[in-house]
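Here is the structure we will look at.
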Amino acid sequence: MAEQIKTIGVLTSGGDAPGMNAAIRAVVRTGLQKGVEVKGIKRGYAGLLAEEIIDLNRNSVSEIIDKGGTILGTARCMEFVTEEGQKKGAEVCRKFGIDGIVVIGGDGSYRGAQALSKQGINTIGIPGTIDLDIACTDYTIGFDTAINTAMEAIDKVRDTSSSHERCSIIEVMGRNAGYIALWCGVANGAEDILLPENYDYNEQTIINNIIQNRKRGKKHHIIINAEGIGHSTSMARRIEAATGIETRATILGYMQRGGSPTCKDRFYASIMGSYAADILCQGKTNRVVAYSHGEFVDYDIDEALAMKKGIPEYEYEVSKILSK
Ligand code: ADP
Ligand code: F6P
């Protein structure tokens, strides 16, 4: 029989993602409904080490479900990557009577959660990242808002690109993962989609594609470039020089990470937050919540971190057929 959980904590870590607030709200309200106290840890693991810990009640999480960012703040914390930092984190938890923590973040944050659980603090992870790059889950909180924000922005750039008969390189987020680029590339009808997972750095292929499309009467040429490939501005200069077609770069940047979460992000965040609080209160530890094959499930963090995920080949092939 698991030890009785009396107090749980919640923190957000790594890059913020729209829907994190909905997840915090769900953790708090579900925890309270189960009769445990809930504390908010500010600024991720950095705030844990600095003892930036506040009491949360139902009202503390009122009117946040529609807000982007995270009310708790987030941070990257190198000290927590060290064993000393992790030991200190566990001591702080014990000092504040925190029996377990819900960590909302990406797989870096999961490693922190895994370390905390090894130090005897029960931990449950929730996938919060706009990148969709967590292998154990088909969905990560923030992805839907980010792709919709990017899609709308790309539509606007396309209008001006067509009017001026220009080529446009639009850089979307994703340092290591091309999911935002792939989804927007398909949804915006891009002519070229460059993904960090499989781009061969052969610009001549793109140049030939642009020239061919222009001959066929296409008025614009949209290239979606993922942040991980980057260098959109210099790429634009080289393409313009090689094709003679005016080429502009637009880097969408952090606008993709902010903003009010979509219904889908609020829904997944709410269910995942509630699920996490639920299993934490049951005494489970070293688990992550995931959405897999149409169901909300949980996995052992070690197993989850060992899983691999790549760009689905079929989806990429379709994107190429449709861009012709
Ligand atoms: P994300 O969670 O979005 O992947 P990061 O990779 O930046 O973002 O990780 C967020 C934070 O998680 C880091 O700043 C660090 O505090 C913690 N973290 C990352 N990797 C580890 C690790 N190997 N061990 C312990 N903590 C880690
Ligand atoms: O994880 C989300 C993300 O936006 C990635 O796409 C990007 O590589 C990274 O965060 C950038 O984060 P920051 O600029 O905050 O270091």
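The values are calculated or read from the model by the stated rules, or taken from the named source; none is laboratory data. Since this is a predicted model, take the numbers as computed values, not measurements. When we count neighbours, we look across all protein chains shown, and the Cβ atoms used for this are built from the backbone with ideal geometry, even at glycine.
Consider residue 89 against the criteria (1) on the phi < 0 side of the Ramachandran plot; (2) away from ligand 1 (no atom under 11 Å from the Cβ): it satisfies all of them except one. Which criterion is unmet? Exception for residue 89: condition (2).
Do you know which of the residues in region 81-118 that are within 16 Å of ligand 2 (Cβ to nearest atom) and of a type in the set (A, V, I, L, M, F, W, C) is farthest from the chain's Cα centre (by Cα)? Only one residue tops the list, namely 81. The set of residues in region 292-316 being without any contact (Cβ under 8 Å) to a residue 40 or more places away in the chain and either part of a strand (DSSP E or B) or surrounded by 15 or more Cβ atoms within 10 Å (Cβ to Cβ) (or both) consists of 295, 296, 297, 300.
Exactly one residue out of 229, 207, 180, 170 is modelled with pLDDT of 95 or more, within 15 Å of the chain's Cα centre (by Cα) and of a type in the set (Val, Ile, Thr): that is 180. Taking the condition more than 14 Å from ligand 1 (Cβ to nearest atom), charged (D, E, K, R) and within 15 Å of residue 268 (Cβ to Cβ), does residue 99 pass? Spelling it out, it is not the case that residue 99 is more than 14 Å from ligand 1 (Cβ to nearest atom), charged (D, E, K, R) and within 15 Å of residue 268 (Cβ to Cβ). What are the pairs with Cβ atoms under 7 angstrom where one residue, in region 209-223, is in contact (Cβ under 8 Å) with a residue 60 or more places away in the chain and closer than 17 Å to residue 154 by Cβ and the other, located anywhere, is assigned to a loop (DSSP other than H, G, I, E, B) and among the small types (Gly, Ala, Ser)? Sequence gap at least six, or different chains. Listed by first residue and then by second, the contacts come to 222/190.
You will find that of 126, 141, 134, 147, the residue that is of a type in the set (A, V, I, L, M, F, W, C), buried (at least 20 other Cβ atoms within 10 Å of the Cβ), under 29 Å from residue 94 (Cα atoms) and within 12 Å of the chain's Cα centre (by Cα) is 126 and no other. Yes or no: residue 171 of a type in the set (Asp, Glu), touching a helix residue (DSSP H, G or I) at 6+ places or on another chain (Cβ under 9 Å) and assigned to a loop (DSSP other than H, G, I, E, B)? For residue 171, the condition - of a type in the set (Asp, Glu), touching a helix residue (DSSP H, G or I) at 6+ places or on another chain (Cβ under 9 Å) and assigned to a loop (DSSP other than H, G, I, E, B) - is not met.
With respect to residue 227, is the statement that it is in contact with a Lys or Arg (Cβ under 8 Å, 6 or more places away or on another chain) and among the charged types (D, E, K, R) true?
Details: in contact with a Lys or Arg (Cβ under 8 Å, 6 or more places away or on another chain): yes; among the charged types (D, E, K, R): yes.
Criteria met by residue 227.
Here's the yes/no breakdown for (1) closer than 22 Å to residue 299 by Cα; (2) more than 10 Å from ligand 1 (Cβ to nearest atom); (3) touching a Phe, Trp or Tyr at 6+ places or on another chain (Cβ under 9 Å); (4) of a type outside the set (Val, Ile, Thr):
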position	(1), (2), (3), (4)
73	no, yes, no, yes
111	yes, no, no, yes
119	yes, yes, no, yes
148	no, yes, no, yes
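The set of residues in region 243-291 being part of a loop (DSSP other than H, G, I, E, B), over 27 Å from residue 112 (Cβ atoms) and either free of Cβ contacts under 8 Å to residues at least 60 places away in the same chain or under 15 Å from the mean Cα position of the chain (by Cα) (or both) consists of 244, 260, 262.
Of all the listed residues (319, 323, 270, 292), the sole one being out of contact with any helix residue (DSSP H, G or I) (no Cβ under 7 Å at 6 or more places or on another chain) and closer than 24 Å to residue 149 by Cβ is 323. If residue 200 meets every condition in (1) modelled with pLDDT of 95 or more; (2) surrounded by fewer than 18 Cβ atoms within 10 Å (Cβ to Cβ) apart from one, which number is that one? Going through the list (1) modelled with pLDDT of 95 or more; (2) surrounded by fewer than 18 Cβ atoms within 10 Å (Cβ to Cβ), residue 200 breaks only (1).
State whether one or more residues within region 128-140 are within 15 Å of ligand 2 (Cβ to nearest atom), under 27 Å from residue 8 (Cα atoms), at pLDDT 95 or above and not in a loop (DSSP other than H, G, I, E, B). Yes, that holds for at least one residue. If you go through region 76-85 and keep only what is in a loop (DSSP other than H, G, I, E, B) and either more than 14 Å from ligand 1 (Cβ to nearest atom) or buried (at least 18 other Cβ atoms within 10 Å of the Cβ) (or both), you end up with just 77.
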